[in-house]
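> Dropping the structure in here first, questions after.
Nothing in this text is a laboratory measurement; each read-out follows from the coordinates by a stated rule. Here the structure is a predicted model, which is why all the values come from computation and not from measurement. Methodologically, a virtual Cβ is constructed for each residue, glycine included, from the backbone with ideal geometry; neighbour enumeration extends over all protein chains shown.
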Amino acid sequence: MSSLTQSTPVRLVFWLALAAFLIVLPHFLGFHHKDLILFLTINVLVVCSYRLVTLTGEWSLIHAVMVGVGAYTATLAFNHLGLEIWFTLPLAGLIAGLVAALLCFPLLRMTQFYFLIGSFAAGEAIRLVWVEWVSVFGGTSGLRGVEAPIVFGIDFLDPIPYYYFTLGVVSFCLLILYRIEKSRIGLTLHAIHWKTPLAESVGVDAWRYRALAFIIGSFFAGIAGALKIHYLGSVTPNQFTVGFMVFVLIWVIVGGYSKFYGPIIGVVLLTIFDEAIRELEIIRPAIYGGVLILSILFLPKGLESIPGKLRGWFGSEPAPDTPSNSETRGS
Amino acid sequence: MELIFQSLLNGLIQGGFYSLFAVGLVLIFGVMRVVNFAHGELVMAGAFTVWVVHSQLGLDYIPTLAVSIILVTAIGLLMERFLFRPTRSDPLAGLICSIGVLFILQVCATLVGGDGPSKQVPPPYHGTLVLFDVFRIPNQRLFSLAVSAAALGTLWFFLTRTKFGWALRAVAMDREAAALQGINTNKISIIAISVGAALAGLAGGLIAPLGNINPHMGHNVIVTAFIVTIVGGVGSLSGAVVAAIIYAVFHTYMTVYFGATIATISGLVLMVIVLIVKPTGIMGVRVSE
Amino acid sequence: MAILEVKNLTKQFGGLTALHEVGFQVEEGDIRGLIGPNGAGKSTMFKIIAGFYAPTHGNIVYQNQNIEGSKPHTIAELGIVRTFQETTLFQELTVFENALVGTHIKARTNIFSAILGLDRDKQKAAREKVEEVLEFMGLSDRRDQLASELPLGSQRALALAIALVSEPKLMLMDEPFAGMNPEETNHMMDLTRKVRESGVTIVLVEHDMKAVMGLCNYLTVLNFGQVLAQGTPEEVRNNDKVIEAYLSGAN
């Protein structure tokens, strides 16, 4: 994040301004848009957790389903165990993480193409279980009944309180994800991405680290799923199809993924873009298809690379944004 | 008892379709090293073409099949030229581009056919072949089986007996070595995508009279094609055909006894198992990453 | 005292026998050369010692432990590190970060410590070690450059640095002199001697005879996967079988 701002006071002002903006924002929006920024906030978590999974250079197609695992867990926990959101959130994350841990054993033997297809298959299989096992998961109609709590007289079912709640949870999760990326672990994940054999030759157990990234990424995906479901009130298998997974991919690719904030740019801008083209209902997917293709062909490093390019055109050296940028400068 | 044999027959016929799906995908992956995620939509495009040109515009079925093949091949050529060729160094980029095409094709189909219920194309061949007084094969399906077999046979001949076929196999085995030997890899890619897309278009045209046509029918196709490709071996065309037939029979039986969803789940689980135990599949050779 | 012993090592790839009953011992403090014509099996031997392949038969004994078939990261934990043929670096990381990865064994941390920052001391110690080694290798001024932007000599030095930083007892160097001009070769030879003096035993696979003869105190010559001769550089240089092997190998 250090390439964004120059020095600590500037940074502080930036964060304060951003926080103020995010807090004040919903009061200026109509109902539909309040919903929108709420889901946008949740999708930021989805996209940042996906980035952790892909840090080692392997792209999975199961992430959307992990969000679903969290959603179904929260719903089942609420309906059958009477747990409130304070408990269903972490539980959703834990179950998603557990499913990911189990899937590590079959899936992480594969790399590249095989991992992509294998993760796609595993995700699709899980989704079809939700469709087929009607007595537990409700089949294609899914499950209902989940609610947001009423605390201190505030009904969290209203969009604005729920938005603040979500903002808080997502910010906390992002903080953790950021800490991981900048830590030793983040460095190791990057190293595995660039040259796995070299990393192994100095003692890195690549499998373990890939598993770690996969499990933790899935954990946060599960939390995102629970957040979503407590607001929506119902969960169906169709919310987590390949279509959603492709959206996640588009956000990450268009936004860029070599910097932590790349995917965030992607999801924010594309969500706004989506709103703008809302009237074009039927052809919307085609526009996404076009955006995706243009992005890959002409801006392969994503939107996050634009500041660097601009700096390059205007003559100054862009700061190399490498994993532990701020912390490697001696101490 | 009859059910078992009838299901076997149905499975074998279905295997013909699955073969067409998978062989096209494997050809494109083998030669161009890119996963064509839009392959199901190519099949869908073939089916829609039959609906528009044969059902709506009245052209005879067989010429319509030719139109389907030509149209889908054209789509494939556009994809190769503008998407796969520029992204050759990064297969993931090619895959993502194909996802973009997936969306575009689905929307095109929705625009052409509207948002309503699935379309039906009345089968041009009527009647049913009855074997031993018990087993029934609709003539339409017989026709499609015959055409599938003919197409695959022609492909086999092309790959093993012609100059281009040999070149294709050489590029699939080792692209750089083939280039060093003077093979024009661009041309070979064009041939590969043409054949792959043509097979998809043909499959779509053959399926059209047999089921529901809608913009999302490609999803099942791609899932099936992936399962078959992996189980048969990613680099192997003969493996794909063998796996297609076996999987089609397996899927048919599972559907009869447990329903289509469980059948697909089993297929996916089977695929993951194969990926774990023998990633090269039944007959494949390891594709160098 | 033999730090590494290779016993009856055989490696077959399908029908091809890459190595056949290879045996040799490396003494602590050696700079041991593993040489031979192209295709003799030297790199394969390295990959087996470093854990990238398992042998078909035979043992590798390191400090009285059988290590054949162990995984690369396990072998690294025991103190054996390998450098790679051609440029193998973390290209999009800086020089400093490249070397920092090498401190993995000492500086690795669990997820909770990482998030909460409880491993601050460990990380500080690791960074200090990296500064030290970069200094030793003469790379300090380049610490913030991306690895992909380095000139060849610096790239090789960085590869050495990454290995050194893990404090190995045994270093396997795979053709470190490939593609170097005489000046770079001399510099690299000095670096290699410095590394040995810091207490690391070195086994070297190399084609550059000047480097081999100048650095190694003992040589093992392989040909067609078998040991052809062993001895001091003098002895090997004058060995008829060796001369013939090199000449007929059209090296």
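> Just check the range A:118-189 against the gyration tensor rule for me: Cα atoms, a ≥ b ≥ c as the square roots of the eigenvalues, rounded for a/c under 1.5, and otherwise prolate or oblate depending on whether a/b exceeds b/c.
oblate
> Turning to a different aspect of this structure: If one computes P(r) from the Cα atoms of the range B:2-215, what percent of pairs lie at distances over 33 Å?
For the range B:2-215, the fraction of Cα-Cα distances above 33 Å is 20 percent.
> State the volume of the convex hull built on the alpha-carbon positions of the range A:20-145, expressed per residue in Å³ and rounded to an integer.
143 Å³
> Could I ask something else about it? Just the number, please: percent antiparallel of the DSSP beta bridges in the protein assembly as shown, rounded to the nearest 5.
Antiparallel: roughly 65 percent of the beta bridges in the protein assembly as shown.
> Any chance you could get the radius of gyration and Dmax over the Cα atoms of the range C:103-251, in Å?
In Å, with Rg to one decimal and Dmax whole: 19.2, 65.
> Please find the FRET efficiency linking B:MET173 to A:ILE150, where r is the Cβ-Cβ separation and R0 is fixed at 51 Å, and quote it to the nearest 0.05.
For B:MET173 and A:ILE150, the calculated efficiency is 0.15.
> Across 10 Å bins from the origin, how do the percents of Cα pairs in the protein assembly as shown run, short distances first?
Result, from short to long distances: 2, 11, 18, 21, 20, 15, 8, 3, 1, 0 percent.
> Express as a percent, rounded to the nearest 5, the fraction of DSSP beta bridges in chain C (both residues included) that run antiparallel.
The antiparallel fraction comes to roughly 55 percent.
> Let me ask something else. Between the helical axis of B:185-207 and the dominant principal axis of chain B, each derived from Cα atoms, what acute angle in degrees is found, rounded to the nearest 10?
Long axis of B:185-207 versus the principal axis of chain B: about 10 degrees.
> Grab the eigenvalues of the alpha-carbon gyration tensor for the range A:71-199, scale each by 5, take roots, and send me the semi-axes largest first in whole angstrom.
33, 24, 11
> A further question follows. If you take the beta carbon distance between C:ASN186 and C:GLU244 as r and set R0 to 41 Å, what does 1/(1 + (r/R0)^6) give as a FRET efficiency, to the nearest 0.05?
With a Förster radius of 41 Å, E is 0.85.
> Then there's this: I need the phi-derived Karplus couplings for the range A:268-284: 6.51 cos²θ - 1.76 cosθ + 1.60, θ = phi - 60°, integer Hz, Gly and Pro marked x.
5, 5, 5, 5, 4, 4, 4, 4, 5, 9, 3, 5, 7, 2, 5, 8, 3
> Taking the alpha-carbon set of chain C, what are its Rg and Dmax in Å?
When restricted to Cα atoms, chain C yields Rg and Dmax of 18.7, 65 Å.
> Something else about it: In what order do C:CYS216, B:CYS108 fall by count of nearby beta-carbon atoms within 10 Å, going from fewest to most?
Lowest count first: B:CYS108, C:CYS216.
> Relative to the longest principal axis of chain C, what angle (0 to 90°, nearest 10) does the C-alpha long axis of helix C:120-136 take?
Taking the Cα atoms of chain C, the angle to C:120-136 is about 50 degrees.
> In vacuum, with every alpha carbon of the range A:242-313 counted as one equal point scatterer, what does the Debye formula give for log10 I(q)/I(0) at q = 0.24 Å⁻¹? Two decimals, please.
-1.09
> How high is the relative contact order of chain A, in percent, counting Cα pairs under 8 Å that sit 6 or more residues apart?
29 percent.
> Relative to the longest principal axis of the C-alpha atoms of chain B, give the angle of the C-alpha long axis of helix B:61-79, reported between 0 and 90° and rounded to the nearest 10°.
30 degrees
> Rounded to two decimals, what is the ratio between the C-alpha radius of gyration of the range B:195-249 and 2.2 N^0.38 Å?
Expressed relative to 2.2 N^0.38 Å, the Cα Rg reads 1.18.
> Here's a follow-up. Apply the Karplus curve 6.51 cos²θ - 1.76 cosθ + 1.60, θ = phi - 60°, to the phi angles in the range C:93-105 and return the couplings in whole Hz, x for Gly and Pro.
So the J values, rounded to whole Hz, are 9, 6, 4, 4, 5, 3, 5, 4, 4, x, 7, 3, 4.
> Now for a different question. What list of ³J(HN,Hα) couplings, whole Hz, do you get for the range C:209-225 from phi and the Karplus terms 6.51, -1.76, 1.60, once you set θ to phi - 60° and write x for glycine and proline?
Per residue, the Karplus-derived 3J(HN,Hα) values read 5, 4, 5, 4, 5, x, 9, 7, 9, 7, 10, 10, 9, 9, 8, 6, x Hz.
> Now, a different point. Among C:GLU131, C:GLU244, rank each residue by its count of other Cβ atoms within 10 Å, from fewest to most, as a rough exposure measure.
By the 10 Å Cβ count, ascending: C:GLU244, C:GLU131.
> Related question: Around B:THR252, with a cut-off of 15 angstrom between Cβ atoms, what is the net charge of the other residues, counting Lys and Arg +1 and Asp and Glu -1?
Result for the neighbourhood of B:THR252: +1.
> Right, here's the next one. Quick check: convex hull over the Cα atoms of chain A, volume per residue in Å³, rounded to an integer?
Measuring per residue, one finds 165 Å³ for the Cα hull of chain A.
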